[in-house]
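Below is one structure, written out as structure tokens, with a few remarks after it.
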Amino acid sequence: MPARTDSARPNFLFFFTDQQRWDHVGYAGNPVLRTPNIDRIAGGGSWLSRFYVSSPTCMSNRATFMTGRIPRVNGVRYNGIPLDLDSVTFVDLLLAAGYRTALIGKSHLQGMTSEAAKAPREAYPEGLAPPPDELAEARRTAYTRADYAWEMSQEWTRPGHAESIRTPFYGFEDVIFCLGHGDLVTGHYSAWLESRAPGINLQPGLAGARTFSEVRAAQVYQPAIPEELYPTRFIEEETVRWLERHAETGRDRPFFLQCSFPDPHHPFTPPGRYYSMYDPEEVELPPSFHTPTRDATPPQARLWEEFERGAESTRWTYPFVTGEPQARDILAKTYGQIAMIDDAVGAVLDALERAGLAGNTVVCFLSDHGEYLGDHGLMLKGPMQYQSVVRTPFAWRDPDPAYNRGQLDELGSTSDLARTVLSRAGLRPYNGVQGVDLCPLLRGEGAVRDRVLVEYTTQYPYLGFDDLVTVSTLIDHHWRISVWQNRDWGELYDLAADPHELNNLWSDPAEAPDKEAILVKLIHAIQNHADTSPWPLSVS
């Protein structure tokens, strides 16, 4: 089939992973992990070595991606708060401009569990009458379970749920959900799995595991589900099928297609041959694993103290410290998950070429946030805003060769992508979009920003806090500063001299002038992200 050449209205194919570090790709120089297909995107395009999230929290950063608005503005301050259905997304604008839009895989713009929220409620003196239910929130359009249950795993056991999903879903006409992580996945995937293995008991989770970690690494097991039935393969096949259908029936419209994988998020469950693809003895742990800063902050000191007395918590999302054999095993399994994703990316890229669509398609690869995976001995994610958590892969391959510049060491942010995609599609953004247009950077015209703002808030107190854990971080070309709400301690790192963030300079008198200057930058960044929507109706 002939390739499209209308570069003014390119197609977009976005590969999205879940919880992948910036250096866990081959093109960034990883000495062990092989990602030849992801490298095809970076090698033929541009890749940013310093691309940062707006929040290292799944829902918050995914909402930022969709809206181009940081968490404090888009309303998704932390996991558990759905993106308002009234929110305008860049996908909405693409759809309105005639694009065909599709999401295949993980969305996480709404909660994936019906577990009760843990956010503490304010205590009031006795004798004060509560407001009516319809006036209990600051806005009359309070969220209800009925309106925001499309991604809740438990709802997918209810007959007819899949057919009841209202589209467009945040701008996506076609939606195929893969909800959860590892082998603990539901959504449209559940029906696909049953159709491929009818009557076969493939029990997910620990109860059905084929093999466990020999060194008892937390959340590591080989799942009962074989690789040909694993969620990554489902997303690969559905994405290929969508492209084939589009090539047959939809070539008169450009498309935006998001192919979104639940891996390499924990649990660490690569299936089949991917489970043993990487030898734990051959992987390289981050340099800071061997020279960790145990007391950079009180929460970090607490995690190390828990580990040293054998009381670390390795539950679902709680960060923890672990030993070297366990860290190596977890890292090896993560590499296995990424290898399977890379194979899926290759299959989709091949399908794009077979369909004659590659000649006019922007292909992008990114992740929603990173993972410690041994950084300072830590695992998973949390409020310690190390580079491993706030920095992700970002590669962009464009049909216009002017955008393909190889490695770029300038700053970029998730908040930039809505404006960038709209610009590349020839569309103006809606009022309230934040971030900057990365297109000039991708064309080799130089830096488009000199700092990035990262926000973190958790829904519940933990790590020794008796209130919510909130951290505001600013990163520029030289420094990283993190201010912990209501605490007189914080973090300041000279990234130029200390790229592994081993020396916290917050209390160093010699760094006081630099600290003051970067604090002012942080304040300015927060001010510059004030909401501009809606426009005023009159002068006064």
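Observations on the model:
- Share of carbon and sulfur in the accessible heavy-atom surface of the chain [1.4 Å probe, %]: 51
- Eigenvalues of the alpha-carbon gyration tensor of the range 112-218, scaled by 5 and square-rooted, set the equivalent ellipsoid semi-axes at 36, 23, 11 angstrom, largest first.
- Qualifying chymotrypsin sites (Phe, Trp or Tyr not before Pro) in the range 449-540, where qualification requires a DSSP coil assignment and no more than 16 other C-beta atoms within 10 Å, comprise 489.
- For residue 409, the solvent-accessible surface computed with a 1.4 Å probe is close to 90 Å², ligands and nucleic acids excluded.
- Positive dipole terminus of the range 330-435, leading residue within 420, 369, 430 (C-beta point charges): 430
- Most positive-pole-ward Cα, 186, 460, 525, against dipole of the chain from beta carbon charges: 186
- For the range 251-321: accessible area per residue (Å², 1.4 Å): 41
- Taken about its Cα centre, the range 1-158 carries a charge dipole of roughly 660 debye when the Cβ of each Lys and Arg holds +1 and the Cβ of each Asp and Glu holds -1.
- This model, with +1 at the C-beta of Lys and Arg and -1 at the C-beta of Asp and Glu, gives the range 4-60 a dipole about its Cα centre of some 100 debye.
- Rounded accessible area of residue 316 (nearest 10 Å², 1.4 Å probe): 100
- Extending 7 Å from Cα along the Cβ direction at residue 447 and again at residue 210 yields two label points whose distance is 5.0 nm.
- Gyration tensor (alpha-carbon) shape descriptor, the range 224-365, a/c threshold 1.5: prolate
- Annotation: residue 215 carries an accessible surface of approximately 50 Å², with a 1.4 Å probe and no ligand, DNA or RNA atoms counted.
- The equivalent ellipsoid that matches the C-alpha gyration tensor of the range 228-311 spans semi-axes of 43, 18, 12 angstrom, in descending order.
- Loop-located trypsin sites (Lys or Arg not before Pro) in the range 400-445 (DSSP state not H, G, I, E or B) with no more than 16 neighbouring Cβ atoms inside 10 Å: 443.
- The charge dipole of the chain, taken about its Cα centre with unit charges on the Cβ atoms of Lys, Arg (+1), Asp and Glu (-1) only, comes to about 1120 debye.
- Cα-based Rg of the range 396-511 normalised by 2.2 N^0.38 Å, two decimals: 1.35
- Answer label, with semi-axes √(5λ) of the Cα gyration tensor in Å calculated from the coordinates and candidates [x] 32, 29, 27; [y] 33, 30, 23; [z] 35, 33, 21: [x]
- Ranked order, 523, 235 - accessible area, probe 1.4 Å, largest first: 523, 235
- Value of D in µm² per second that Stokes-Einstein yields for the range 324-438, Kirkwood Rh from Cα pairs, at 25 °C (0.890 mPa s): 145
- The HN-Hα couplings worked out from phi for the range 255-272 by the Karplus form 6.51 cos²θ - 1.76 cosθ + 1.60 (θ = phi - 60°) are 9, 10, 10, 9, 9, 10, 8, x, 8, x, 4, 5, x, 8, 10, x, x, x Hz, whole numbers, x standing for Gly and Pro.
- In the chain, helices alone account for a calculated mean residue ellipticity at 222 nm of -7500 deg cm²/dmol, with every DSSP H run of four or more residues adding -39,500 (n - 2.57).
- Dimensionless Rg/Rh of the range 33-103 - Kirkwood Rh, Rg from C-alpha atoms: 1.07
- Placing unit charges on the Cβ atoms of the charged side chains and taking the dipole of the chain about its Cα centre, the candidate lying farthest along the positive direction among 203, 540, 345 is 540.
- The GluC sites (Glu not before Pro) of the range 125-210 that DSSP puts in a loop, and whose beta carbon has at most 10 other beta carbons within 10 Å, are 126.
The values are calculated or read from the model by the stated rules, or taken from the named source; none is laboratory data. This structure is a prediction, so every number in the text was calculated from the model and none was measured. Heads up, the Cβs are rebuilt from the backbone with ideal geometry, glycines too, and the neighbour counts pull from every protein chain shown. SASA here: full protein model, heavy atoms, side chains in, ligands and nucleic acids out. Shrake-Rupley method; radii C 1.70, N 1.55, O 1.52, S 1.80 Å.
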